[in-house]
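Shown next, in structure tokens, is the structure this report addresses.
The values are calculated or read from the model by the stated rules, or taken from the named source; none is laboratory data. Computed from a prediction, not measured in an experiment: that's the story for all the values here. Because the Cβ atoms are built from the backbone with ideal geometry, glycine has one as well, and the counts that use them run over all protein chains shown. What goes into the accessible areas is simple: the full protein's heavy atoms, side chains included, and nothing from ligands, DNA or RNA. Shrake-Rupley method; radii C 1.70, N 1.55, O 1.52, S 1.80 Å.
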Amino acid sequence: MTTLANYLNAHASNPALNDVITTVTDVGKTISQLLRKGALADILGEAGNQNVQGEEQKKLDVLANDLLLEALAKNSHCAGVASEELDDATPANADGSLLVLFDPLDGSSNIDINMAVGTIFSILPYQRQGQVSENSDFLQAGKQQLAAGYLLYGTSTVLALTITDNVVMFSLDPDSNEYVLIKEDVQIAADTSEYAINASNYRYWQAPMQQYIDELIAGKTGVRGRDFNTRWVAAMVGDVHRILCRGGLFTYPFDTKDANKAGKLRLMYEANPMSLLIERAGGAATDAVQRILDIEPSDIHQRVPVVLGSKNEVDYVKDLHLKHATK
Ligand code: AHG
Ligand code: MN
Ligand code: MN
């Protein structure tokens, strides 16, 4: 049996990184326990305020955010944190060498219906050790990430993590309260017949995305010549987990629903960490055309269209977009 602690010790090239991962995953144990108690812990429902992005905060969004913030502020290796629920990045320990970004609770709309939610995290190097960190320190492309992962609070709690060139998964054992290694070297098949999209936004998509979904729905009777199946968890963390387990394509594409948003998902604490996991598992992640990990961010809360998963399918979407662009 390999626990997370064993695994981190065996990959001890960056002890600071391991320490920060331990802090984040320890908080994950607390969030997991709170979720198991559900309504009994008075954690469900609205918090009564909005985050910087104008979204209603749930009690659990706030609670998960506060738990992570509090724990990371005490970690001497953490120079600062950025979160979906904080307007600005919060400086932590100036002598730290790492910056931590997180979506404390992904899939908030699933909380009150007892469905899967998660925590997504991304760890970047801190370049100005000794000085107080600022928002601008976080604005690094996703390919600079030193580690990324998520905790999925589903029927069981699972941790997916990448600190080397591969992706590993752990399951939280409720008896010992330890993360136990369940998958080494997760790999995503290049081909798939499963896709995830919120199709109610169809009328707001661009022509190539409409064409792509039309082709999948036509299945055997269309140009693809085979049937496809839709799966949608409504929490990115759940959809990405399914893709790491059995392949598939997940997209939250560009849409014109809100003129001020380039997509729904946030680059720095949703798209980047998930893209690193997906690429390291042999998949691909783009904004439809460009590799997500190459995007130079301009704002910690910026949004980005996301197409990720099985490589041949992500490439197919890219080709459709390129063909439309040259018309
Ligand atoms: P969050 O709960 O952190 O705001 O993120 C929810 C995101 C993502 O997880 C999911 O894929 C998407 O929103 C679902 O959105 P809609 O159901 O509104 O389309
Ligand atoms: Mn989210
Ligand atoms: Mn969230």
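What to note about this one:
- Loop exposure criterion: GluC sites (Glu not before Pro), DSSP state outside H, G, I, E and B, at most 14 other Cβ atoms within 10 Å. Applied to the chain, the longest stretch between such sites is 185-327.
- Karplus 3J(HN,Hα) series, Hz, for the range 270-282 with 6.51 cos²θ - 1.76 cosθ + 1.60 (x for Gly, Pro): 10, 5, 5, x, 5, 5, 5, 4, 5, 5, 5, 9, x
- Only Lys, Arg (+1) and Asp, Glu (-1) charged, at Cβ; the range 81-142 dipole about Cα centre in debye: 260
- Projected area, mean over directions - the range 55-99, Cα convex hull, nm²: 2.9
- Per residue solvent-accessible surface (Å²) - the chain, probe of 1.4 Å: 42
- Applying the Kirkwood pairwise sum to the alpha-carbon positions of the chain produces a hydrodynamic radius of 20.0 angstrom.
- In the chain, the portion of solvent-accessible area held by carbon and sulfur atoms comes to 49 percent [1.4 Å probe, whole percent, DNA, RNA and ligands not counted].
- Comparing the range 1-129 with the 2.2 N^0.38 Å rule of thumb, its C-alpha radius of gyration ratio is 1.11 (two decimals).
- Hz values of 3J(HN,Hα) by residue in the range 73-79 - Karplus curve (6.51, -1.76, 1.60), Gly and Pro given as x: 4, 8, 8, 5, 8, 8, 8
- Ranking Val167, Leu146, Ser136 by how far each Cα lies toward the positive end of the dipole of the range 107-179 (charges on Cβ) leaves Ser136 at the top.
- Among the trypsin sites (Lys or Arg not before Pro) within the range 130-237, those in coil by DSSP and having at most 16 neighbouring Cβ atoms inside 10 Å are Arg224, Arg226, Arg231.
- Trypsin sites (Lys or Arg not before Pro) within the range 1-75, DSSP loop, no more than 15 other Cβ atoms inside 10 Å: Lys74
- Largest mean-square fluctuation among Gly96, Gly283, Gly38, in a Gaussian network model of the chain whose springs join Cα atoms under 10 Å apart, belongs to Gly38.
- Straight Cα distances below 27 angstrom link Lys318 to the lysines Lys143, Lys220, Lys257, Lys261, Lys264, Lys327, with same-chain residues fewer than 8 positions distant left out.
- q = 0.13, 0.26 Å⁻¹, the range 66-138: log10 I(q)/I(0) [Debye, one scatterer per Cα]: -0.39, -1.11
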